[in-house]
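Structure first, then comments.
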Amino acid sequence: MKFYKELSKVYDIVFPKDDKTFKFLCKDLKGNSKVLDLACGTGNYSVALALRGHRVDAIDLGVEMIELAKSKGGLYANFVVGDMTKFKEHFPMERYDLAFCIGNSVVHLKSKEKIEEFIKNIYEALNDEGILVVQIVNYDRIIKYDVKSLPTIDRPEKGVKFVRNYNYKEDEEKVEFQTELIISKNDIEDRFENSVDLIALKKDELLSMFEKSGFKDIEVYGDFGEEEFNETSFSLVMRGFKR
C-alpha cells in the first residue's frame, strides 16, 4: 500500500527510538536472552537489544519496514516479513525470555478473540520466567471522553507531519483510525491518507487475557516510564511473567 510504503521512509522520524521504552524492555532481562519482537517496524529496539548481546527474532508485515531493519542490523537480529500471529511458523523451535508487541500493534487484529489467542500463543512460546510486554493506546480514555484525535506528530526540521484522528464505533467496539502523512520538500507538499479499524481494547479486557493465558505478577502502567495507569493516561503498558 502506498501509505505504508511512504510511512516506512520516514518511520524513524515519526517514531524515533525512545530511551524510556528501551530501558523498560531491558528490565529484568538477563544477559544473552532470547527475544521476540512482534510488529517490529524498522527494528530499532531489536537492533538495540541485539547489540546488548541478546539473540533477537523480529517479524513485521511490512516489506519496506523489514528491508530498513535489515539495513540497520541484519547481522545482529533475525528479521523476517510475516504475520505476527503466525510467528511460530517462522520460528517453530524457539523459546523466548522476552516477547514484546508495542506501538499499538495488537489492536490491528480482527477481533478480541484473535488477540486473546495471540497472547496465549506467546505464553506457550516463553521460557519459564519469560516476560510479555504489550503497549497500546488507552482506549478507556478514548471511549469515556470521546477523544477524536491524538496530538499531531510534527517534525518541522524534517518536513514531516503525522495527523491522527479517531472515530469510535460503539456498536462494533472498534475505533476508526484515520491518519494523514504530510511530507514537505522544496516547497512541495505530498499528502498520504489511510484509515483502519482498530479493536477498542480496554485495560480490564487486556488484563483478563493475560490472566486467562496464565501470566502472573501482571504490571499495568500508563507509560514506559512506569507512571501509574488511570483513565486519563495516553497509553496502556502491560507486563506479565510466565510463572
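Observations, loosely collected:
- Listed values for region 69-78 are Karplus-derived 3J(HN,Hα) couplings in whole Hz (6.51 cos²θ - 1.76 cosθ + 1.60, θ = phi - 60°), namely 4, 5, 5, 7, x, x, 7, 10, 10, 9, and x replaces Gly and Pro.
- Above-threshold pairs, the threshold being 28 Å between Cα atoms, out of K114/K203; K114/K216; K23/K144: K23/K144
- Phi angles across region 102-114 convert, under the Karplus curve 6.51 cos²θ - 1.76 cosθ + 1.60 with θ = phi - 60°, into 3J(HN,Hα) values of 10, x, 6, 7, 5, 6, 6, 5, 6, 7, 5, 5, 5 Hz, Gly and Pro given as x.
- Listed peptides 225-232, 118-125 appear in the order 118-125, 225-232 once ranked by packing, highest mean of other Cβ atoms within 10 Å at the front.
- Normalised by the number of residues in region 8-165, the mean separation of alpha-carbon contacts (under 8 Å, six or more apart) gives a relative contact order of 21 percent.
- Surface per residue (accessible, 1.4 Å probe) for region 115-243, Å²: 51
- Region 126-243: Cα Rg divided by the 2.2 N^0.38 Å rule of thumb: 1.29
- Per-residue ellipticity at 222 nm from helix content only, as computed over the chain with -39500 (n - 2.57) for each DSSP H run of at least four residues, stands at -9000 deg cm²/dmol.
- Kirkwood estimate for the chain, i.e. one over the average of 1/r between Cα atoms, Å: 18.5
- The apolar share of the surface of the chain, taken as the fraction of accessible area on carbon and sulfur atoms (1.4 Å probe, ligands and nucleic acids excluded), comes to 46 percent.
The values are calculated or read from the model by the stated rules, or taken from the named source; none is laboratory data. Predicted model only: the values in this text are computed from it and were never measured. Cβ atoms come from the backbone with ideal geometry, glycine included; neighbour counts cover every protein chain shown. Please note that ligands, DNA and RNA were not included when accessible areas were found on the heavy atoms of the full protein model with its side chains. Shrake-Rupley method; radii C 1.70, N 1.55, O 1.52, S 1.80 Å.
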